[in-house]
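Values in this text are rule-based calculations from the coordinates and carry no lab data. Computed from a prediction, not measured in an experiment: that's the story for all the values here. Quick reminder, even Gly has a Cβ in these numbers, built from the backbone with ideal geometry, and neighbours come from all protein chains shown.
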Amino acid sequence: MEVFHLKDMTKGWFIGNFIPSLYQTNDVEVGIKNYHAGEYEASHYHEISTEFTAVISGEIEMNQKRYTTGDIIIIRPYEVTDFKAITDVTTVVVKIPGANNDKYLIQ
């Protein structure tokens with residue numbers, strides 16, 4: 001067995017086309033993301049990938065709607081969303097496919 005640590009991964013992404021990665025692929029991206037209350041990601045969309053976000057703990061807001069522990073949100077290509085951590089939060093995010101440079105900010 002090999003053992004790795006999440007803190008050594010790129011922003012929590014541990015599977016996908018990242019360095020380091022436990023399994024380097026463009027087929028999928030998997031990450032465990034930790035945010036502090038108040039952290040924010042601006043409105044954006046993906047043209048290729050579908051993103052699945054599972055809230056493991058805490059509360060988030062996406063497009064002015066609140067989600068909490070146990071909620072799973074599906075964001076399909078061209079759906080615009082932002083992200084705000086209302087509390088300290090942990091999410092698991094899966095993107096299929098793991099398309100490089102597929103994040104487009106809304107100006």
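Worth pointing out:
- Yes/no for Ile48 being part of a strand (DSSP E or B), under 26 Å from Asn17 (Cα atoms) and either hydrophobic (A, V, I, L, M, F, W, C) or under 11 Å from the mean Cα position of the chain (by Cα) (or both): no
- Selection within region 63-103 - surrounded by fewer than 17 Cβ atoms within 10 Å (Cβ to Cβ), farther than 23 Å from Leu6 by Cα and hydrophobic (A, V, I, L, M, F, W, C): Ile74, Val80
- Within region 14-33, tally of residues that are touching a residue at least 40 places away in the same chain (Cβ under 8 Å) and either out of contact with any Leu (no Cβ under 8 Å at 6 or more places or on another chain) or at positive phi (or both): 10
- Subset tally (residues that are in contact with a Gly (Cβ under 9 Å, 6 or more places away or on another chain) and either assigned to a loop (DSSP other than H, G, I, E, B) or touching a residue at least 60 places away in the same chain (Cβ under 8 Å) (or both)) for region 51-90: 4
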